[in-house]
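Quick notes on the structure that follows.
Read the figures in this text as sums done on the coordinates, not as results from a lab. From a predicted model like this one, the values you see are computed outputs, not experimental measurements. Cβ coordinates were reconstructed from backbone atoms using ideal geometry, including for glycine residues, and neighbour counts include every protein chain displayed.
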Amino acid sequence: MSSGDAAHMAESAASIAAASIGAVQIGEDGKPLELSALKASISEQAEHVIEKIMPRKVIRLTELYKNSKTSSHDALEVVKNGALANRGVTQLLEVLKVEILELIQYLDVLKLWVQLNIPSIQDGNNFGVSIQEEIAGMLEAGKNSGLGFLDTFTKYYATRGKLITKLNKYPNVDDYHRGIAELDEKKHLLLRHCCLDLRNNYAVLFDMITKNKDRLEKPRGLSNHISSMY
């Protein structure tokens, strides 16, 4: 490549970059309008999650726990190929899968909302920022808890499938029947615990967010007086 070609390419690249920069519209807050629009949209979504979704989920998951059967032994049924399926476990599992996916979605919105409100780094008056970081960590922990439950669902089906395969091969071995029943019973108990765990995540996060909402939105907009976040 000649020096002239290189210079021409550099000039073209500079022109493209300048055009791109010129296309970015800046709002009154000094930030690109696209970012400001995103922040406004996330703030609106976060407000809806906090004020509407979280209280409803606390009630919903409490009712789901209370209404779930205390035992899974009476929920076995024969499905295709003669395999036994535990209707009580599978129904509760599918309901909770939806609940967990929704939890992850809502917590992602709330975490982004908190992060978009974190101010520039400054010396001093960072108490509000530390609260933002603390709650962002709690939101991430709640999300990871939900992902962990989803992983156990996959392992349950894999383990149960192996037992069903052995049961079909050795139908007269009582231990395989008992093994499946015990696996279902254990999974049912864990699913009921999952109901409470999801409920508690919503309740604790709702409590923490509402108590510190001003600090989350404007961490340096308050006085320098330091008080407890709990």
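Set the Förster radius R0 to 45 Å, insert the Cβ-Cβ distance between Glu217 and Asn172 as r into 1/(1 + (r/R0)^6), and round the FRET efficiency to 0.05. It would help to have the intermediate numbers written out before the result.
Values: r = 66 Å, r/R0 = 1.47.
That pair, Glu217 with Asn172, gives E of 0.10.
Percent of alpha carbon pairs in region 32-217 separated by more than 23 Å? If you can, show how the numbers build up before the last one.
Working: 9117 of 17205 pairs.
Considering region 32-217, 53 percent of its Cα-Cα pairs are separated by more than 23 Å.
How much FRET efficiency would the formula 1/(1 + (r/R0)^6) give for Ser43 and Leu196, where r is the Cβ-Cβ distance and R0 is 25 Å, rounded to 0.05? Please list the in-between numbers first.
On the way: r = 30 Å, r/R0 = 1.22.
According to the calculation, E is roughly 0.25.
Rank the residues Val98, Val129, Val173 as a footprinting-exposure proxy: fewest other Cβ atoms within 10 Å of their Cβ go first.
Details: Val98 9, Val129 18, Val173 12.
Starting with the residue having the fewest Cβ neighbours, the order is Val98, Val173, Val129.
What net charge do the residues around Glu44 carry, taking every other residue with its C-beta under 14 Å from that of Glu44, with Lys and Arg at +1 and Asp and Glu at -1? Can you show the working numbers first?
Working: positive: Lys39, Lys52; negative: Glu47, Glu51, Glu217.
Charge balance in the 14 Å sphere: -1.
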